[in-house]
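Step one of this worksheet: look at the structure below.
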Amino acid sequence: MQQLSGDLDTDSQPPLAVPFAHFVIGVAILLIGGAIAGLGSFVPGIDPAGAGSLHLLLAGWIGLTIMGAMTQFVPVWSGTSLYSRRLSVASLWLVTLGVAGLVAGFLFEYAWLPIGASVLLLGFWTFAYNIVRTLPAARTFDITEAHFAFALASLLVATVLGWLLAVDIAFRVLGGRIAPSRLVLSHLTLTVFGFVFATIVGALYQLAPMFTQAEKTAADAHLAHVEMVALPGGIALLAAGRLLGSTRVGTFGGVVFLTGALAFSGFLARQLWRARVEVGPLLRRYGLVVASLVGWIALTVPYWLVNPVSVFTRFGGPMGTHLLFVGVFTLTIVGTFYHVVPFIVWYHRYSDRLGYESVPMVDDLYDDRIATVEFWLLAVGLAGLWIGDALATTWVIAVGGNLLGAGILLFGANMAGVVWRHRPETVREVLATLAGRSTA
């Protein structure tokens with residue numbers, strides 16, 4: 001893929017409304033998930049940490065965000081055109097409806113689960129097909145494209161396992177031939193680490209050098225080579241060990257995977273340390289990402305060395321779950337959006353005016369004061385969640401969660417303000433896209 005610089009093939013990107021539609025629905029699902037989590041303490045039968053909430057977070061918020069980002073930037077980075085905008089919109093609606101069906105099934109009626117799972121599988125497979133047809137086949141993938149290809153393969157397998165689980169929960173079709181708990185663990189491994197984690201790592205190989213303007217050194221290349229072998233191989237072995245119930249295979253895979261994750265954290269830390277640009281909202285959040293990733297690895301090693309195939313260690317060390325989901329996943333998305341959303345808006349609104357009139361810089365489009373407040377809300381909220389877990393103190397967890405939610409709301413408001421102030425017609429375009437118009 002190309003660096004996002006002067007040689008960027010921006011004419012290859014889809015209309016602005018296509019990725020934005022993914023982002024809008026993703027944020028809406030995140031807010032719904034937060035509402036469900038908030039109601040969990042007051043409404044019987046709602047588990048804020050249950051399977052429904054987890055699917056809202058992973059398949060809804062993170063999944064749709066990744067789909068929108070890939071739809072926008074895979075064509076740009078690869079210098080090609082999106083295979084089909086109609087398929088992109090179709091997969092958006094299918095995934096959204098599939099997530100809604102799964103959440104409804106987990107909350108109200110298990111018999112609905114196969115329907116939701118089938119729609120979700122169709123949506124993710126449609127998305128994967130669209131991206132695979134978009135990726136250039138005539139040359140060797142670079143490191144980002146290789147990670148995306150692995151992530152898509154993990155997604156395809158994970159959705160099949162998820163569909164089998166949904167059917168088994170509703171109708172008990174497996175008949176004990178394989179333990180459902182093994183399917184769950186393998187499904188989560190491929191989803192969380194194979195799809196989400198690998199996608200984030202692959203994207204940051206492009207984004208970190210671009211945002212920091214730091215040159216890659218021989219040491220960076222060595223770390224990347226270690227990660228490229230260890231992370232995908234370790235994830236595959238960990239998923240296989242969990243599916244087979246093999247502690248030995250799972251332990252080996254987990255150690256290999258953590259080695260790759262540590263190598264990548266070193267790469268990202270070196271990029272940030274040698275940054276040649278002013279530290280802004282994006283780099284501050286990436287700094288927290290590195291700290292969270294290293295912390296998650298340190299908290300996970302003791303558990304995965306003993307029993308990586310246990311349900312209690314499915315996301316690594318129990319004390320590291322918030323570091324992974326909030327510190328690594330959410331902060332990466334939020335930090336990246338502080339450049340991606342203003343950049344997309346700037347390109348569509350101001351790029352053709354450059355050299356003819358005074359135009360704002362990309363970083364001038366958002367409110368830096370709101371970004372600063374939101375950063376500290378996210379940072380303190382993450383710390384509150386982690387400390388609350390460590391002390392097993394419910395009120396500290398509640399405070400941390402509320403601070404985190406407030407930070408997410410401010411982030412959403414800041415990004416919405418960018419669109420509203422600089423390209424308000426995007427709102428109409430998003431609505432038209434969701435209605436299936438102007439997407440051909």
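I'm trying to understand the selection: among the residues of the range 320-331, which are open to solvent by 10 Å² or more (accessible area, probe 1.4 Å) and either free of Cβ contacts under 8 Å to residues at least 40 places away in the same chain or of a type in the set (S, T, N, Q) (or both)?
Selection gives Thr321, Thr330.
I'm trying to understand the selection: among the residues of the range 77-96, which are crowded, with 21+ Cβ neighbours inside 10 Å and touching a Pro at 6+ places or on another chain (Cβ under 9 Å)?
Ser78, Leu82, Ser88
Looking at Leu237, Leu243, which is the one that is under 23 Å from His187 (Cβ atoms) and free of Cβ contacts under 8 Å to residues at least 24 places away in the same chain? Walk me through how you get there before you give the answer.
Values: Leu243 fails: free of Cβ contacts under 8 Å to residues at least 24 places away in the same chain.
Just a single option satisfies the conditions, and that option is Leu237.
Count, please, the residues in the range 276-290 that happen to be open to solvent by 60 Å² or more (accessible area, probe 1.4 Å) and either in a helix (DSSP H, G or I) or of a type in the set (D, E, K, R) (or both).
Qualifying residue count, the range 276-290: 3.
Just checking, does the range 178-187 include any residue being within 23 Å of Ala111 (Cα to Cα), within 17 Å of the chain's Cα centre (by Cα) and at pLDDT 95 or above?
Here is the first cut: in the range 178-187, the residues within 23 Å of Ala111 (Cα to Cα) are 178-187.
Next cut, within 17 Å of the chain's Cα centre (by Cα) only: 187.
Of the ones still in play, those that are also at pLDDT 95 or above are 187.
Taking every residue of the range 178-187 in turn, at least one turns out to be within 23 Å of Ala111 (Cα to Cα), within 17 Å of the chain's Cα centre (by Cα) and at pLDDT 95 or above.
Note down all Cβ pairs under 6 Å where the first residue falls in the range 358-372 and is surrounded by fewer than 18 Cβ atoms within 10 Å (Cβ to Cβ) and part of a helix (DSSP H, G or I), the second is modelled with pLDDT of 90 or more and hydrophobic (A, V, I, L, M, F, W, C), and they're at least six residues apart or on different chains.
Ile370/Leu410
Filter the range 246-256 for residues that are of a type outside the set (Ser, Thr, Tyr) and open to solvent by 40 Å² or more (accessible area, probe 1.4 Å) and give the result. Talk me through it step by step, then tell me what you get.
Start the filter on the range 246-256 by keeping residues that are of a type outside the set (Ser, Thr, Tyr), which leaves 248-250, 252-256.
Those that are of a type outside the set (Ser, Thr, Tyr) and open to solvent by 40 Å² or more (accessible area, probe 1.4 Å): Arg248, Val249, Phe252, Val255.
Which of the numbered conditions does Gly381 fail, given that it passes all the others? Conditions: (1) touching a helix residue (DSSP H, G or I) at 6+ places or on another chain (Cβ under 9 Å); (2) in a helix (DSSP H, G or I); (3) free of Cβ contacts under 8 Å to residues at least 40 places away in the same chain.
(3)
For the range 17-39, how many residues meet the condition of being modelled with pLDDT under 80, farther than 11 Å from Gly60 by Cα and of a type in the set (A, V, I, L, M, F, W, C)?
Residues meeting the conditions: 5.
Do you know which of the residues in the range 237-253 that are touching a Ser or Thr at 6+ places or on another chain (Cβ under 8 Å) and not charged (D, E, K, R) is nearest to Trp304 (Cα to Cα)?
Filtering the range 237-253 for residues touching a Ser or Thr at 6+ places or on another chain (Cβ under 8 Å) gives 238-243.
Subsequent filtering for residues that are not charged (D, E, K, R) retains 238-241, 243.
Working: Leu238: 10, Ala239: 13, Ala240: 15, Gly241: 12, Leu243: 15 Å.
If we take residues in the range 237-253 being touching a Ser or Thr at 6+ places or on another chain (Cβ under 8 Å) and not charged (D, E, K, R), then Leu238 is nearest to Trp304 (Cα to Cα).
Would you list the helices (runs of 4 or more DSSP H) that sit entirely within the range 46-162 and hold 2 or more residues that are under 18 Å from the mean Cα position of the chain (by Cα) and closer than 27 Å to Gly401 by Cα?
Filter on the range 46-162 gives 51-55, 63-78, 85-107.
Just to be sure before I move on: is Ala435 surrounded by fewer than 19 Cβ atoms within 10 Å (Cβ to Cβ), out of contact with any helix residue (DSSP H, G or I) (no Cβ under 9 Å at 6 or more places or on another chain), of a type outside the set (Lys, Arg) and on the phi > 0 side of the Ramachandran plot in the structure I sent?
Values: surrounded by fewer than 19 Cβ atoms within 10 Å (Cβ to Cβ): yes; out of contact with any helix residue (DSSP H, G or I) (no Cβ under 9 Å at 6 or more places or on another chain): yes; of a type outside the set (Lys, Arg): yes; on the phi > 0 side of the Ramachandran plot: no.
Here the answer is no, as Ala435 does not meet what is asked.
Each row is one residue, and each column tells you yes or no for (1) in contact with a Gly (Cβ under 7 Å, 6 or more places away or on another chain); (2) under 23 Å from Ala219 (Cβ atoms).
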| site | (1), (2) |
| --- | --- |
| Gly241 | yes, no |
| Arg248 | no, no |
| Leu262 | no, yes |
| Leu283 | no, yes |
| Tyr286 | yes, yes |
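State which residue is farthest from Gly162 (Cα to Cα) when the search covers only the range 204-230 and only residues that are of a type in the set (Gly, Ala, Ser) and open to solvent by 20 Å² or more (accessible area, probe 1.4 Å). If you could, list the steps in order and put the result at the bottom.
Filtering the range 204-230 for residues of a type in the set (Gly, Ala, Ser) gives 208, 214, 218-219, 221, 224, 230.
Next cut, open to solvent by 20 Å² or more (accessible area, probe 1.4 Å) only: 218-219, 221.
Details: Ala218: 41, Ala219: 39, Ala221: 36 Å.
Restricting to residues being of a type in the set (Gly, Ala, Ser) and open to solvent by 20 Å² or more (accessible area, probe 1.4 Å), the top hit is Ala218.
For the range 398-421, indicate whether the set of residues that are open to solvent by 50 Å² or more (accessible area, probe 1.4 Å), under 22 Å from Ser88 (Cα atoms) and charged (D, E, K, R) is non-empty.
No, the range 398-421 contains no residue that is open to solvent by 50 Å² or more (accessible area, probe 1.4 Å), under 22 Å from Ser88 (Cα atoms) and charged (D, E, K, R).
Does the range 298-309 contain any residue that is buried (at least 21 other Cβ atoms within 10 Å of the Cβ) and in a loop (DSSP other than H, G, I, E, B)? Before you say what the answer is, go through the steps one by one.
If we filter the range 298-309 for residues that are buried (at least 21 other Cβ atoms within 10 Å of the Cβ), which is where we start, we get 300, 304, 308-309.
Of the ones still in play, those that are also in a loop (DSSP other than H, G, I, E, B) are 308-309.
There is at least one residue in the range 298-309 that is buried (at least 21 other Cβ atoms within 10 Å of the Cβ) and in a loop (DSSP other than H, G, I, E, B).
Looking at the range 170-187, is at least one residue open to solvent by less than 20 Å² (accessible area, probe 1.4 Å) and either among the basic types (Lys, Arg) or not in a helix (DSSP H, G or I) (or both)? Outline the logic, then answer.
First pass over the range 170-187, keeping only residues open to solvent by less than 20 Å² (accessible area, probe 1.4 Å): 183, 185-186.
Subset that is either among the basic types (Lys, Arg) or not in a helix (DSSP H, G or I) (or both): none.
Looking through the range 170-187, none of the residues is open to solvent by less than 20 Å² (accessible area, probe 1.4 Å) and either among the basic types (Lys, Arg) or not in a helix (DSSP H, G or I) (or both).
Check Val99, Val74, Val103 and return the single one that is open to solvent by 10 Å² or more (accessible area, probe 1.4 Å) and in contact (Cβ under 8 Å) with a residue 40 or more places away in the chain. Give the steps one after another, and end with the answer.
On the way: Val99 fails: open to solvent by 10 Å² or more (accessible area, probe 1.4 Å); Val74 fails: open to solvent by 10 Å² or more (accessible area, probe 1.4 Å).
Result of the check over Val99, Val74, Val103: Val103.
Considering each of His348, His339 in turn, give the residue that is in a helix (DSSP H, G or I), more than 21 Å from the chain's Cα centre (by Cα), at pLDDT below 90 and under 22 Å from Ile66 (Cα atoms).
Values: His339 fails: more than 21 Å from the chain's Cα centre (by Cα).
On inspection, the qualifying residue turns out to be His348.
Are any residues in the range 106-129 over 21 Å from Gly194 (Cβ atoms), open to solvent by 60 Å² or more (accessible area, probe 1.4 Å) and modelled with pLDDT of 95 or more, and if so, which ones?
Ile115 - this is the single residue of the range 106-129 that is over 21 Å from Gly194 (Cβ atoms), open to solvent by 60 Å² or more (accessible area, probe 1.4 Å) and modelled with pLDDT of 95 or more.
Which is of a type in the set (S, T, N, Q), open to solvent by 70 Å² or more (accessible area, probe 1.4 Å) and without any contact (Cβ under 8 Å) to a residue 40 or more places away in the chain, of Thr313, Thr394? Step through it out loud before you land on a result.
Values: Thr313 fails: open to solvent by 70 Å² or more (accessible area, probe 1.4 Å).
The unique qualifying residue is Thr394.
The values are calculated or read from the model by the stated rules, or taken from the named source; none is laboratory data. Note that this is a predicted model, so its numbers are computed, not measured. In this analysis, Cβ positions are derived from the backbone assuming ideal geometry, glycine residues included, and neighbour counts consider all displayed protein chains. What goes into the accessible areas is simple: the full protein's heavy atoms, side chains included, and nothing from ligands, DNA or RNA. Shrake-Rupley method; radii C 1.70, N 1.55, O 1.52, S 1.80 Å.
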